[in-house]
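The values are calculated or read from the model by the stated rules, or taken from the named source; none is laboratory data. Bear in mind that the values here come from a model prediction, so they are computed numbers and not experimental data. Here the Cβ is made from the backbone with ideal geometry for all residues, glycine too, and neighbour counts use every protein chain on show. Side chains are part of the model used for accessible areas, which takes the heavy atoms of the whole protein and leaves out ligands, DNA and RNA. Shrake-Rupley method; radii C 1.70, N 1.55, O 1.52, S 1.80 Å.
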Amino acid sequence: MDRPTPAARFAAKVNTRGPWALRKDCPGPCHLWEGATTEKGYGAFYVHGRTVKAHRYAVEQATGPIPDGLEIDHRCRRRACVNRDHLEPVTHRENVLRSTNHVAARAAVTHCPAGHAYDRANTIRAKNGTRKCRACKNTSARKHYAERRAARRTPMPTARTFERAA
């Protein structure tokens, strides 16, 4: 009995009548992987003596090897999708910025809460990598300096001052 080819085994585990993509730029329905999955929800496929991610296998079969330094982005936002039209090789940075996680949300912010632009002249990078608004930081520093200065200039009440007040 002949053993099925990897391509035939792969095709047998794909449901091509999946739901439509969650995003407009992905044509057609998702092709959902119905085989084994990783703990993060990506399809896992055993081929040539090792386990590979199903979406990577789909891209490699359609276009050849994935270039070094690139990873596959699910434009449809479904990890189990192996539809070649929904998968695109991108850099890690681009993949993260396209997602809906907190990192992408913070990176999409172009102005501080006070309305100052995060541009080259007005942005300070904190030690942990976050952005700080230079204008707001300067305003806050001036305010605290003025408060400390005013506290030093205010005379301390003496016992005599308390007697006059009574």
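Computed values, structure above
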quantity: Those residues of region 25-44 which are open to solvent by less than 50 Å² (accessible area, probe 1.4 Å), over 15 Å from Leu87 (Cα atoms) and of a type in the set (A, V, I, L, M, F, W, C), in sequence order; calculated: Ala44
quantity: Test for Leu97: is it more than 23 Å from His31 (Cα to Cα) and free of Cβ contacts under 8 Å to residues at least 40 places away in the same chain; calculated: yes
quantity: Residue list for region 118-135, filter: under 20 Å from Leu97 (Cα atoms) and surrounded by 12 or more Cβ atoms within 10 Å (Cβ to Cβ); calculated: Tyr118, Thr123, Arg131, Lys132
quantity: Some residue of region 148-155 being at pLDDT 95 or above and either aliphatic (A, V, I, L, M) or open to solvent by less than 70 Å² (accessible area, probe 1.4 Å) (or both); calculated: no
quantity: Entirely in region 1-120, the helices (runs of 4 or more DSSP H) that have 3 or more residues that are touching a strand residue (DSSP E or B) at 6+ places or on another chain (Cβ under 9 Å); calculated: 6-12, 54-63, 92-98
quantity: Subset tally (residues that are among the β-branched types (Val, Ile, Thr), surrounded by 15 or more Cβ atoms within 10 Å (Cβ to Cβ) and over 24 Å from Ala11 (Cβ atoms)) for region 69-101; calculated: 2
quantity: Lone qualifier among Val90, Val103 - being among the β-branched types (Val, Ile, Thr) and more than 19 Å from Asp25 (Cβ to Cβ); calculated: Val103
quantity: Extreme residue, nearest to Arg75 (Cα to Cα), among residues of region 102-117 that are surrounded by 10 or more Cβ atoms within 10 Å (Cβ to Cβ) and within 19 Å of the chain's Cα centre (by Cα); calculated: Ala104
quantity: Residue identified as touching a residue at least 24 places away in the same chain (Cβ under 8 Å) and basic (Lys, Arg) among Lys24, Lys53, Lys13; calculated: Lys13
quantity: Pair list, Cβ < 6 Å and 6+ apart or interchain, from region 115-142 residues that are closer than 18 Å to Ala104 by Cα to residues that are among the small types (Gly, Ala, Ser); calculated: Lys132/Ala126
quantity: Which numbered condition Leu70 fails, given (1) modelled with pLDDT under 95; (2) within 19 Å of the chain's Cα centre (by Cα); calculated: (1)
quantity: Residue match in region 45-52 (condition: modelled with pLDDT under 95, within 25 Å of Arg98 (Cα to Cα) and either among the small types (Gly, Ala, Ser) or open to solvent by less than 20 Å² (accessible area, probe 1.4 Å) (or both)); calculated: no
quantity: So Asn138, is it of a type outside the set (A, V, I, L, M, F, W, C), open to solvent by 60 Å² or more (accessible area, probe 1.4 Å) and either more than 20 Å from Val103 (Cβ to Cβ) or touching a helix residue (DSSP H, G or I) at 6+ places or on another chain (Cβ under 7 Å) (or both); calculated: yes
quantity: Every residue from region 13-24 that is closer than 18 Å to Ala62 by Cβ, modelled with pLDDT under 95 and open to solvent by 50 Å² or more (accessible area, probe 1.4 Å); calculated: Thr16
